[in-house]
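Working notes for the structure below.
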Amino acid sequence: MLTSVFIVGTLGKNENDYRYLLVEKVPGLDYEDDEERAKYDYFKVKHWSNTPSAFNRLAEGRKVALKGRLEEIEGETYIIAELYREF
């Protein structure tokens with residue numbers, strides 16, 4: 001089953017083969033005691049191709065919109081996406 005996504009968030013750390021995307025949680029709800037974890041949801045994002053892209057070269061902290069799909073790889077859910085827009 002293919003699940004497509006369109007997601008807006010802030011770019012996080014670049015790891016070996018994926019990048020974190022931080023998406024703000026709904027304000028006013030008590031999620032956890034850890035302030036950083038309570039503020040954002042963390043998603044692992046892979047570029048849809050293995051070629052270098054603008055998505056991988058953007059600086060940490062940039063706000064972006066991505067379009068792509070969800071995919072499970074070795075028990076973890078990733079967003080396989082491409083850069084739609086940077087703000």
Tell me, ARG69, ARG85 in order of fewest to most beta-carbon neighbours within 10 Å?
-> ARG85, ARG69
HN-Hα couplings for segment 70-87 via Karplus (6.51, -1.76, 1.60; θ = phi - 60°), in whole Hz with x for Gly/Pro, come out as 8, 8, 9, 10, 6, x, 10, 8, 10, 9, 9, 9, 10, 5, 9, 7, 10, 9
Label-point gap, in nm, between ARG62 and TYR84 - each point 7 angstrom along Cα→Cβ | 1.7
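Every number in this text was worked out from the coordinates using simple rules, so none of it is lab data. All values reported here derive from a predicted model rather than from experimental measurement. Glycine also receives a Cβ, built like all others from the backbone with ideal geometry; neighbour counts cover every protein chain displayed.
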